[in-house]
Amino acid sequence: MKRYTPFLLAVPLGFALWAQVVVVHGGVWHWQFTVGLVLIVPSFILWALARYQLGDAFTPRAEARKLVTNGLYARIRHPIYIFAECMAVGIIVFMRLPWLFIVWIPAVGWQVIRAKRENLVLEQRFGDEYRRYRSRTWF
């Protein structure tokens with residue numbers, strides 16, 4: 001069931017976006033909605049795919065259950081973090097609340113700290129195998 005959790009989040013996210021257009025803005029479409037959706041939709045799909053590909057290796061805190069190096073992880077070490085932040089930007093734009101970037105900036109910093117912590121844990125557990133993987137991937 002854990003693998004499918006991202007797909008369950010699509011329903012409330014879609015409802016919130018619909019409510020923003022219909023309830024908050026009276027059904028009037030603004031250009032920010034288009035820009036936001038262009039960011040949200042592919043980011044959500046890639047975030048969900050990354051979560052699915054991580055499978056049982058996913059944990060809320062840094063653990064080294066197994067080294068996932070296929071799919072999105074073949075090129076990006078932390079695709080869940082990257083696509084979550086891209087999705088957050090899309091939501092901020094869609095909601096037309098640019099002041100939320102004040103909250104988003106520290107969130108990005110927090111994700112970088114989490115990624116560095118995971119890098120250390122994975123390097124300690126997998127050693128040279130992880131260092132080779134890290135050398136051929138981005139973030």
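Only helical runs count toward this figure. For the chain, summing -39,500 (n - 2.57) over DSSP H runs of n ≥ 4 and dividing by all residues gives -22000 deg cm²/dmol at 222 nm. Gaussian network model of the chain, Cα springs within a sub-10 Å range: biggest mean-square fluctuation belongs to which of Trp104, Trp47, Trp31? In this elastic network of the chain, the residue with the biggest mean-square fluctuation among Trp104, Trp47, Trp31 is Trp31.
Taking trypsin sites (Lys or Arg not before Pro) across the range 1-65, the ones in a DSSP loop with at most 16 further Cβ atoms lying within 10 angstrom of their Cβ are Arg61, Arg65.
Across the chain, Cα pairs under 8 Å and at least six residues apart give a relative contact order of 30 percent. For Ile76, the amide hydrogen comes within under 5 Å of the amide hydrogens of Trp138, counting only partners 5 or more places away or on other chains and with H modelled in the peptide plane. When the GluC sites (Glu not before Pro) in the range 26-125 are filtered for DSSP coil states and for at most 15 other beta-carbon atoms within 10 Å of their beta-carbon, the remaining sites are Glu63.
Helices assigned as whole DSSP H runs in the chain whose Cα atoms extend at least 18 Å along their own long axis and whose mean Kyte-Doolittle hydropathy is 1.0 or higher are found at 5-19, 31-54, 79-95.
Bear in mind that the values in this text are calculations on the coordinates, not laboratory data. Remember, predicted model here, so these are calculated numbers, not experimental data. Every residue, glycine among them, receives a Cβ derived from its backbone with ideal geometry; neighbour counts consider all protein chains shown.
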